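Have a look at the structure below, then the notes.
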Amino acid sequence: MTNITEIARKANVSRTTVSRVLNNHPYVKPEKRNAVLQAMKELNYVPNFNAVNLSKGKTNVIGVIVPRISHPFFSNLIEGISKECNKHNYSLLVHQTNNDPEQELEFFNKLKYKLVDGLILGSCISPCHILDELSYFGKVVSCEASGSKQIANVFINHKSGMQMAINHLRDQGHQAIGLCIGNPKSGVGMSRKKSFFHYQKEYGLKWRDNWYFDEQYTIEDGIEVAKTLLEQPFRPMAMVVGSDYVAAGIIYEAKNQGIRIPEDLAVIGFDNQTISKVVDLTTIHQPIKELGETAANLLYNLINNKDVPTINTLELELIKRKST
């Protein structure tokens, strides 16, 4: 295997000059740089970038964890992160955890062992004390309200989003409103559930425990939710649903069973995904790509030892369509 001593000999320069060329050092004369590059080419030399990164103390890689890469929310989040990382010449290492705390802890080791320069938590279920400990090993940004004061947080104001949804349904005359969310243990899930029941009690809305659903993520899940709802003798007249895809499944099955939307059942979703336009779904627009872009920029600034605010909040928007 070719080493820098052989390259230096062939290029007729010092080992130090070769090292500077490999590390893209600015103070190398053009003719010497060209001689080194030509020698590398003739000797079929490929740099060991792990060794180069180790010497620099940087990898130019950012780690990202999400529960499901295929979920539209997280695929859009990753797109936003990637856009900003490309601007700063960073690569992404994305890990799907499937909401498994052991998977999260395993990936956190990437930061501990300096295999990434920083971490973006798309969504995680690890408790605050774990995130606090993680912050000792490197820079971390959470894309939801993590509860940790040791890491930077950028998140969407889900409390205001839930208030928008409920107020809109109340404006349509609805008092019996059900709730369907995704992961109840995530920061987003906990915030939405807490906010919903806060306003449900504040407004004195009707409630039955079988109007609540969680761990629902897909159109197929929505279909099953609708089947369960429509079997109930006393069912809600409106549903707040944490995913446009699940909401679309509810609408599909309800119409199959002859239920009129919104006269018999009003449905409001979250995210403003493309499918919401297809099924004319009223939804809460979330700036998902902006969330990813903001998280990436915060992390880049942290890595470069710049001060950033610990709490960063993005707002939501109600998109009215025919499902309510």
For the chain, share of DSSP beta bridges that run antiparallel, in % to the nearest 5 = 10
Among the listed pairs Lys159/Lys322; Lys206/Lys320; Lys149/Lys206; Lys87/Lys320; Lys110/Lys289, those beyond 27 Å (Cα-Cα) | Lys149/Lys206; Lys87/Lys320
Nearest 10 degrees, 0 to 90: helix 30-42 Cα axis against the chain principal axis = 80
Provide the gained length on full extension for the span Glu6 to Asn167, in nm with one decimal, where the gain is 0.36 nm per separating residue minus the Cα-Cα distance.
-> 50.6 nm
Fewest-first sequence of His158, His285 by Cβ atoms within 10 Å of each Cβ | His285, His158
So how much slack lies between Thr218 and Lys277, counting 0.36 nm per residue of separation and subtracting their Cα-Cα distance, in nm?
-> 19.6 nm
Which one of Gly173, Gly147, Thr310 has its Cα pushed farthest toward the positive end of the charge dipole of the chain, where Lys and Arg give +1 and Asp and Glu give -1 at the Cβ?
-> Thr310
Provide the descending list of Cα extents for the chain along its principal axes, expressed in whole angstroms.
-> 87, 37, 31
Put +1 on the Cβ of every Lys and Arg and -1 on every Asp and Glu Cβ in the chain; which of Val241, Tyr252, Tyr113 then has its Cα farthest towards the positive end of the dipole?
-> Tyr113
Expected 222 nm ellipticity per residue - DSSP helices of 4 or more, -39500 (n - 2.57), all of the chain, to 500 | -14000 deg cm²/dmol
Exposure proxy check on Val21, Val241: fewest-to-most Cβ neighbours within 10 Å is Val21, Val241
Please state the Cα pair-distance histogram of segment 4-47 with 5 angstrom bins from zero: what percent is in each bin?
-> 5, 29, 40, 22, 4
Diagonalise the Cα gyration tensor of segment 142-199 and give the resulting equivalent ellipsoid semi-axes, square root of 5 times each eigenvalue, largest first, whole Å.
-> 26, 11, 8
For labels at Lys306 and Asn23 in the simple 7 Å Cα→Cβ model, what's the distance in nm?
-> 2.5
Normalise the Debye intensity by I(0) for segment 147-276, one equal point scatterer per Cα, no solvent, then take log10 at q = 0.10, 0.12, 0.18, 0.20 Å⁻¹ and round to two decimals.
-> -0.30, -0.43, -0.95, -1.17
Surrounding charge for Pro72, neighbours by C-beta under 10 angstrom, Lys/Arg +1, Asp/Glu -1, total -1
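Just so you know, all these numbers are worked out from the coordinates, no wet-lab data involved. It should be emphasised that the depicted structure is a prediction, and the values quoted were computed from it without experimental measurement. Cβ atoms come from the backbone with ideal geometry, glycine included; neighbour counts cover every protein chain shown.
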